[in-house]
1. What net charge is computed for the residues neighbouring Arg10, neighbours being all others with C-beta under 11 Å from the C-beta of Arg10, Lys and Arg scored +1, Asp and Glu -1?
2. Within the stretch 25-58, list the trypsin sites (Lys or Arg not before Pro) lying in a DSSP loop whose Cβ has at most 16 other Cβ atoms in a 10 Å radius.
3. Using r as the Cβ-Cβ distance of Val129 and Arg82, and R0 as 25 Å, what FRET efficiency do you calculate, to the nearest 0.05?
4. Net charge near Val49: determine it from the other residues with C-beta under 13 Å of the C-beta of Val49, scoring Lys and Arg +1 and Asp and Glu -1.
5. Any idea what the dipole of the stretch 3-88 comes to, in debye rounded to 20, about its Cα centre with Lys/Arg Cβ at +1 and Asp/Glu Cβ at -1?
Amino acid sequence: MRSELRIESRVEEVSRARRWLMEHALAAGFPEEETRRLGLAISEACTNVIEHAYGGRAGYAIDLELDADAERLVVRIRDTGRPFDPSSYRPPDLSRAHESGYGVHLMRSIMDEVHYAPSPEGGTTLTMVRLRQKSRQGEGA
């Protein structure tokens, strides 16, 4: 299964991206509880793009691509904003309350793989992979 979606860099669009992912994940046979967690991961990713890559400015494109097969679900999120340098990320201190800074941590907690790469047209491509439960059990997960 493959699907694409383009949203605008507005907070109101994040729920549309989440619904799109969840509908496709359910159709691909992912369990409902896991699908909700996937929705959280894409919400955090899109919110980070809006806030950090585009500085909270509306009117910019966020391109989403989803591929699901018998082994995994792969989501790619592309922006043309300020590039993200994953080496600059510092995980939040979970023993202290913070207003923000949990997005990357949540994505890494939910997904089996999270990769950032420069986009050819500028900006960043985020690739997130979630293995199906049977694939995860085969690896001792």
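Nothing in this text is a laboratory measurement; each read-out follows from the coordinates by a stated rule. If you're wondering where the values come from, they're calculated on a predicted model, not measured in any experiment. A quick note on method: Cβ atoms are made from the backbone with ideal geometry, for glycine too, and the neighbour counts reach across all protein chains shown.
1. Values: positive: Arg16, Arg57; negative: Glu8, Glu12, Glu13.
Combined, the nearby Lys, Arg, Asp and Glu give -1.
2. Values: sites: Arg36, Arg37, Arg57; in loops: Arg57.
Here the sparse-neighbourhood loop sites are Arg57.
3. Working: r = 24 Å, r/R0 = 0.97.
Step by step, r from the Cβ atoms, then E = 0.55.
4. Working: positive: Arg6, Arg10, Arg57, Arg76, Arg78, Arg82; negative: Glu8, Glu13, Glu44, Glu51, Asp63, Asp79.
Net charge around Val49: 0.
5. Details: 12 positive and 17 negative charges, 59 e Å.
Once rounded to the nearest 20, the dipole reads 280 debye.
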